[in-house]
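Notes follow once the structure below has been shown.
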Number of protein chains: 2
Amino acid sequence: MVEKNLNSTLAFALLGLIGDEARSGYDLRKFFSSTPMTSFSDSPGAIYPALRRLERSGLIRGEADSRRGSRRRTLFRLTARGRAEFRRWQGQPIVRDDVVRRVDELMLRFAFMDQFAGRTSGLKFLKAFQNELATYIPDLRIYLRSNRAHMPLSGRLALESGILGYETLYRWTKVAIAAYRSKGENR
Amino acid sequence: MVEKNLNSTLAFALLGLIGDEARSGYDLRKFFSSTPMTSFSDSPGAIYPALRRLERSGLIRGEADSRRGSRRRTLFRLTARGRAEFRRWQGQPIVRDDVVRRVDELMLRFAFMDQFAGRTSGLKFLKAFQNELATYIPDLRIYLRSNRAHMPLSGRLALESGILGYETLYRWTKVAIAAYRSKGENR
DNA sequence: TAGTCCATGTAAGATGTTACATGATTCA
DNA sequence: TGAATCATGTAACATCTTACATGGACTA
């Protein structure tokens, strides 16, 4: 059995990146601070303990880097269990609560689709995502319609911004599904 | 001096809602679970301790509700210091890091603009927000352009989704600024 | 050789999650 | 009177933030 629940989004971001190629804690920090994956913290107090936990759970394994001179550094690689656990997380069903409170996590799951799962999984994910958006957006619209009269302007605008964001996501799923389909054809 | 840092977004969400009208912990939980402000947790283990901390800091004050029969419940109201602290938080400058990692918090700040600050503050906020978006979006586009070749399709699509989201926000600031302007004229 | 970057870590503190618990009140 | 809902709480646990610390290696 897999030891614990392994909640944290950061942990999965680390697993995904390590799955792409072997990386050290420092590499991961640099990645978070220098690419658009900046939404994750590059603080050592978050990353090094997280790597420890992943190693203790047997999802990654670290070994001293022997290349070059060189400075002491530990390169981490995914274990078979780590890869399986990542896939399990990626393949979970998409529920309303994911769309409402964890869009970032959904995007992270999708971002590593090609490396860990196949084109079919990617398509399945996008369709499920689109489906949840299609049931959530009307609920937001209904709430707006029945409350807009007694909402302050700023509150109403903030809500509208949220709705626009979800509608943009919805349109994105259509584009993404089309991209996956044409990718498949080109093979 | 204000005792502590008072980081948590949840704490400010509570302050904002209590500022609108006196509410109990249960009211707040219901609000989070039944409106689009669902991004906040409605769990008692988060809300009741947070209310305690706010009361201990002197930002809210609770008193037993005497209306009706009735069940014991504590109604919280903002204190003058609570209102001032909320305004301080709302009025902080908007920096790149807010746009990159704390859009939700920015939206929360804006959502309560009308109740806590004036139309001028709202406009100022929107312009600063727009400005930060205008400098961030090109950076994302540059990153995409120079990395798209060696990115997997899913990763590239995830990044594009992020960019689309920020572009939607940018267009929203224009709409919101226009709405504020016409609101001012109508007065 | 002095400063900067590489590379990893720890400690204190705050916050949030999950799960459990408790009683009172309303309603069927 | 039994079930559902109101209303508040606590305990254990994990995680993250902030700040500090260390030492080796490169470079000017």
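Here's the picture: charge each Lys and Arg Cβ at +1 and each Asp and Glu Cβ at -1 in the stretch A:4-90, and of A:17, A:41, A:60 the one pushed furthest to the positive end of that dipole is A:60.
Which of the three applies to the stretch A:4-90, rounded, prolate or oblate, going by the alpha-carbon gyration tensor with a ≥ b ≥ c and a/c under 1.5 meaning rounded? Cα axes put the stretch A:4-90 in the oblate bin. Helix B:25-34 and the longest principal axis of the C-alpha atoms of chain B enclose an angle of approximately 30°. Between residue A:96 and residue B:119, the FRET efficiency estimated from the beta carbon spacing at R0 = 25 angstrom works out to 0.10.
Shape call for the stretch B:96-185 from the C-alpha gyration tensor, a ≥ b ≥ c root eigenvalues: rounded (a/c under 1.5), prolate (a/b greater than b/c) or oblate? Since a/c reaches 1.5 and a/b is larger than b/c, the shape of the stretch B:96-185 is classed as prolate. For residue A:104, the point set 7 Å out from Cα toward Cβ sits 0.7 nm from its twins in the other copies, listed from shortest up.
Taking all Cα pairs closer than 8 Å and separated by 6 or more residues, the relative contact order of the stretch A:4-90 comes to 32 percent.
Ranked from shortest, the separations from the 7 Å Cα-to-Cβ label point of residue A:33 to its equivalents in the other copies are 4.2 nm. For chain B, what relative contact order do you get, as a whole percent, if you take Cα pairs closer than 8 Å and at least 6 residues apart? Value for chain B: 17 percent.
For the pair residue A:146 and residue A:88, label points projected 7 Å from Cα toward Cβ lie 4.1 nm apart. In degrees, nearest 10, range 0 to 90: what is the angle between the Cα axis of helix A:9-20 and the longest Cα principal axis of chain A? Value to nearest ten degrees: 60. Straightening the chain between residue A:39 and residue A:175 buys 46.6 nm, computed as 0.36 nm per residue apart minus the Cα-Cα spacing.
Chain B residue nearest the axis that carries B onto A, by Cβ, with distance in whole Å, is B:168, 2. Straight-line cross-link partners of residue B:174 among the aspartates and glutamates, defined as a Cα under 15 Å from its Cα and at least 8 positions apart when in the same chain: A:160, B:132. Principal-axis analysis of the Cα atoms of chain A puts helix A:44-56 at an angle of about 70° to the longest axis. Across the copies of the chain, residue B:52 has label points (7 Å from Cα along Cα→Cβ) spaced 2.8 nm apart, shortest distance listed first. Counting pairs of alpha carbon atoms under 8 Å apart in space and at least six apart in sequence, what relative contact order in percent does the stretch B:122-179 give? That works out to 59 percent.
Take each residue of peptide B:118-126, count the partner chain Cβ atoms within 10 Å of its Cβ, and average: the result is 1. With neighbours defined as other Cβ atoms within 10 Å of a residue's Cβ, the residues B:151, B:107 order from fewest to most as B:151, B:107.
We did not get these values from a lab; they are worked out from the coordinates using the rules stated. None of these values were measured; they are calculated from a predicted model. Here Cβ is always computed from backbone atoms with ideal geometry, including for glycine, and neighbour counts include all displayed protein chains.
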